[in-house]
Number of protein chains: 2
Amino acid sequence: MALIVQKYGGASLATPEKFKFVADRIIREKKKGNQMVIVVSAPGDTTDDLIEFAEKLAKEPDSRELDMLMSTGEQQSIALMSMALIEKGYKAKSFTGAQVGIVTDSKHTKARIMDIKGAAKIKQALKEGYICVVAGFQGITPDADITTLGRGGSDLTAVALATALKADVVEFLKDVEGVMTTNPELVKDAKKIDFLSYDEMLELSSGGAQVLYNRSVEYAKNYNVVLHVRGTFTDKQGTIIKKEDKKMEKIVVSGITYTTKEAKITIKGVPDHPGIAALVFSKLAEGEVNVDMIIQNVSDNGTTDISFTISMKDIVRAKKVLDVIVKKVNARGYKIDEKIGKVSAVGVGMRTHTGIASAMFRALADSRINIEMISTSEIKISVVVREDQVGAAVKTLHDAFKLGRKTVSKEN
Amino acid sequence: MALIVQKYGGASLATPEKFKFVADRIIREKKKGNQMVIVVSAPGDTTDDLIEFAEKLAKEPDSRELDMLMSTGEQQSIALMSMALIEKGYKAKSFTGAQVGIVTDSKHTKARIMDIKGAAKIKQALKEGYICVVAGFQGITPDADITTLGRGGSDLTAVALATALKADVVEFLKDVEGVMTTNPELVKDAKKIDFLSYDEMLELSSGGAQVLYNRSVEYAKNYNVVLHVRGTFTDKQGTIIKKEDKKMEKIVVSGITYTTKEAKITIKGVPDHPGIAALVFSKLAEGEVNVDMIIQNVSDNGTTDISFTISMKDIVRAKKVLDVIVKKVNARGYKIDEKIGKVSAVGVGMRTHTGIASAMFRALADSRINIEMISTSEIKISVVVREDQVGAAVKTLHDAFKLGRKTVSKEN
């Protein structure tokens, strides 16, 4: 008998039929004798609808009141899910963030969890045979104000709750069967990854794979909580994310991710003396522009070019900062290139295997794909290519590292 | 400077525009230097929509979970109203039932208020200049389960809160300008009543006037809280409901109410011996049938007819009970007459004035309206007439007691 925390997103809860379907999915696990704690998001588009209403009342709605408003979505889900379970003959009970004592700081709309005080209450209900249905995304300050946890908040609730309850696993139920070696819409041959380390999952996410939010994976890594990304429509094992082990290290590359949501910015003719780069990137940070990859070219006649990538959505903010920087450092100007894409290969095996980078560059060159920027970490190699070559680059690398179903390596 | 509790219903909160309109209405009172506590219902049809969703999941949704679900409607209203007030430059803060410490028993969907623990919190916020926006309809058990208060729950929240805060008045903002002498759709000449005693308000409501729920008026009477029913679209005084005073006693009849939502049931040929009536009405009570007027005819050959009126919506339940009763007491049978209406004249002046009943019967006779049943209380006289004569009866009595605008008595 295991203690399982399951998390369901809003898309799984958009209609009464979907609630019933999810209820059956939960009951299947309960019937095996497991203790079940369910974390749910708001039904369907509820949160967006509420924000839309609020924005008709105020351009920037007060953040305390926005949390008060948004938290109602998850509260609806827990009540509806509990009703559905009870109707099917099971004991179920809903809990708001306040009732589980998910204590946060008071940074409304992006609060951080400080403590979970109500674990004993959940444990008691589980002992009495209840399926416990807990509202994701929400918490409460020590002054009893309602807060929300920001993007990926429900995932975080699930992981934090699992930590407090010492659960065996947190299952994230998805439309897909698990984390894939790459986007199956792009590469038909893509297959499910069986195991990932926390770091691989983090690199895959920041590389563009929209599976789990990094906050939750980092939390899980810190507390060593086993995560399981699996399909709502299947009972098969999905992708288990846990502490790195020997077996994982045998797999050199676990997956290929990509994003076309970044832009490349080049500041041209920057005087090449100490402290310039520090100045540029601290100004960008102050302007709340998140910088991803950075390259500084070799100096030429005392000036140099600095290139970096940022998220498309930061472009407006970036321009404001860049206008100031260019004047301040007396650079020649800057250029924004939105037609690029970033492709990354991720795998813990890179730590112990050599030659991965060169194999990657060779494969891309063989496919006549030009590399514009390169950045590497211990377990990830990323390259920037032309946007219209991203698809080809992903396919090339997926093949080169034998990630497809047709080329299953023995370790899998 | 007064402490005013204002209550707004869901119809006043159906759209963003209505929230803004209500916000302006609140601000007008705030600007006069008053401390404002606002109690709101759920926006528009939210509660009905939620119940509809729930009923697709379960025939009879679990009552604890139904409360968890329904309470989100009012929570949305308090957040949205606070945002609207803040956007207009005022300090405002929302409070759920839990946050105000509205402690109830655990009878889900119809809980009773036991205590209001958070009055000091509201007082403090008022002192700091906040407009306090409190969720109506909801409370919390000592075990922190969310409850709702049943029909008219938001009105009750307003009155209970006013009691705890020692507020000067509770204002109920309505589409109408106050409590009317009778339905203005029926009698063009109907006019607003300036003052009513609690008992008059109770009798008017139970007579059919849908203004305030009796629970709230009874609560206000017990704690001597002044109520003010007034128009959302006007700043004029509406109807003030308070402890009876000398001035009120001068007015013999304050208003005429009527309902066509009752049916008359006659049990025929009931053996006329002691205990039969007790048996009949205790059985009906057990069957959750609310009985209003009762008449027992004079005995004839050892049997009698018992007539009474019940709400239309109890007819199905009543039939079940009546089938049993008729057998048990060996009666001849029963008859249900849905084509009746009840018309009532209400006024505290009846206590000191004589001849009101006979004046009423005379007026109806002059208009050729036949009276089928009569019942009287200290401050109310009700008659049952044919349904198609209700309109004529109301007009006749409204004229007879000079309630119209054109016939304003000196006391008004």
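The values are calculated or read from the model by the stated rules, or taken from the named source; none is laboratory data. Computed from a prediction, not measured in an experiment: that's the story for all the values here. Note that each Cβ is placed from the backbone with ideal geometry, even for glycine, and that neighbours are counted across all protein chains shown.
Things worth noting here:
- Residue that is nearest to the other protein chains (Cβ to nearest Cβ), among those in the stretch B:127-140 that are in contact with a strand residue (DSSP E or B) (Cβ under 6 Å, 6 or more places away or on another chain) and under 19 Å from B:GLN35 (Cβ atoms): B:VAL133
- With respect to the stated conditions, B:GLY33 fails to be over 23 Å from B:LYS107 (Cβ atoms), out of contact with any strand residue (DSSP E or B) (no Cβ under 8 Å at 6 or more places or on another chain) and surrounded by 17 or more Cβ atoms within 10 Å (Cβ to Cβ).
- Flag: B:SER106 matches the condition of being within 14 Å of chain A (Cβ to nearest Cβ), among the small types (Gly, Ala, Ser) and surrounded by fewer than 19 Cβ atoms within 10 Å (Cβ to Cβ).
- If you go through the stretch B:7-25 and keep only what is within 14 Å of chain A (Cβ to nearest Cβ) and among the hydrophobic types (A, V, I, L, M, F, W, C), you end up with B:LEU13, B:ALA14, B:PHE19, B:PHE21, B:VAL22, B:ALA23.
- Subset of the stretch A:141-159 (residues that are surrounded by fewer than 24 Cβ atoms within 10 Å (Cβ to Cβ), of a type outside the set (Asp, Glu) and within 13 Å of another protein chain (Cβ to nearest Cβ)): A:THR141, A:ALA144
- The single condition from (1) of a type outside the set (A, V, I, L, M, F, W, C); (2) under 19 Å from B:SER375 (Cβ atoms); (3) touching a helix residue (DSSP H, G or I) at 6+ places or on another chain (Cβ under 6 Å) that B:GLY287 fails is (2).
- The stretch A:305-325 - residue that is among the β-branched types (Val, Ile, Thr) and under 11 Å from A:ILE265 (Cβ atoms) and, of those, surrounded by the fewest Cβ atoms within 10 Å (Cβ to Cβ): A:ILE315
- From B:GLY118, B:GLY101, residue being more than 8 Å from chain A (Cβ to nearest Cβ), closer than 23 Å to B:PRO43 by Cα, without any contact (Cβ under 8 Å) to a residue 40 or more places away in the chain and not basic (Lys, Arg): B:GLY101
- Any hit, the stretch B:73-85, residues being buried (at least 24 other Cβ atoms within 10 Å of the Cβ) and more than 14 Å from chain A (Cβ to nearest Cβ): no
- Which numbered condition A:GLY129 fails, given (1) within 24 Å of A:ALA393 (Cα to Cα); (2) over 16 Å from the mean Cα position of the chain (by Cα); (3) small (Gly, Ala, Ser): (1)
- Test: residue in the stretch B:104-120 that is at positive phi and either over 23 Å from the mean Cα position of the chain (by Cα) or of a type in the set (Ser, Thr, Tyr) (or both): yes
- Filtered by the rule that a residue be among the hydrophobic types (A, V, I, L, M, F, W, C) and within 8 Å of chain B (Cβ to nearest Cβ), the stretch A:52-71 gives A:PHE53, A:ALA54, A:LEU57, A:ALA58, A:LEU66, A:MET68, A:LEU69.
- On the stretch given as the stretch B:219-274, residues that are among the polar types (S, T, N, Q), closer than 17 Å to B:LEU173 by Cα and in contact with a strand residue (DSSP E or B) (Cβ under 9 Å, 6 or more places away or on another chain) total 3.
- Subset of the stretch A:160-196 (residues that are acidic (Asp, Glu) and either surrounded by 18 or more Cβ atoms within 10 Å (Cβ to Cβ) or touching a strand residue (DSSP E or B) at 6+ places or on another chain (Cβ under 8 Å) (or both)): A:ASP168, A:GLU171, A:ASP175, A:GLU177, A:ASP194
- Flag: B:ASN183 does not match the condition of being free of Cβ contacts under 8 Å to residues at least 24 places away in the same chain and either closer than 30 Å to B:VAL133 by Cβ or not hydrophobic (A, V, I, L, M, F, W, C) (or both).
A quick yes/no check of all residues on (1) without any contact (Cβ under 8 Å) to a residue 24 or more places away in the chain; (2) within 11 Å of another protein chain (Cβ to nearest Cβ); (3) in contact with a helix residue (DSSP H, G or I) (Cβ under 6 Å, 6 or more places away or on another chain); (4) on the phi > 0 side of the Ramachandran plot:
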site	(1), (2), (3), (4)
A:VAL5	no, no, yes, no
A:ILE27	no, no, no, no
A:GLY33	no, no, no, yes
A:ALA42	no, yes, yes, no
A:ASP48	yes, no, no, no
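Condition check ((1) within 24 Å of the chain's Cα centre (by Cα); (2) closer than 23 Å to B:LYS123 by Cβ) across all residues:
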residue	(1), (2)
B:LYS20	no, no
B:ASN34	no, yes
B:SER41	yes, no
B:GLU60	no, no
B:SER71	yes, no
B:SER77	yes, yes
B:ALA84	no, no
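- From the list A:LYS335, A:LYS342, the lone residue that is at pLDDT 90 or above and over 19 Å from A:GLY255 (Cβ atoms) is A:LYS335.
- Helices (runs of 4 or more DSSP H) contained entirely in the stretch B:150-249, each with at least 3 residues that are modelled with pLDDT under 90: B:246-249
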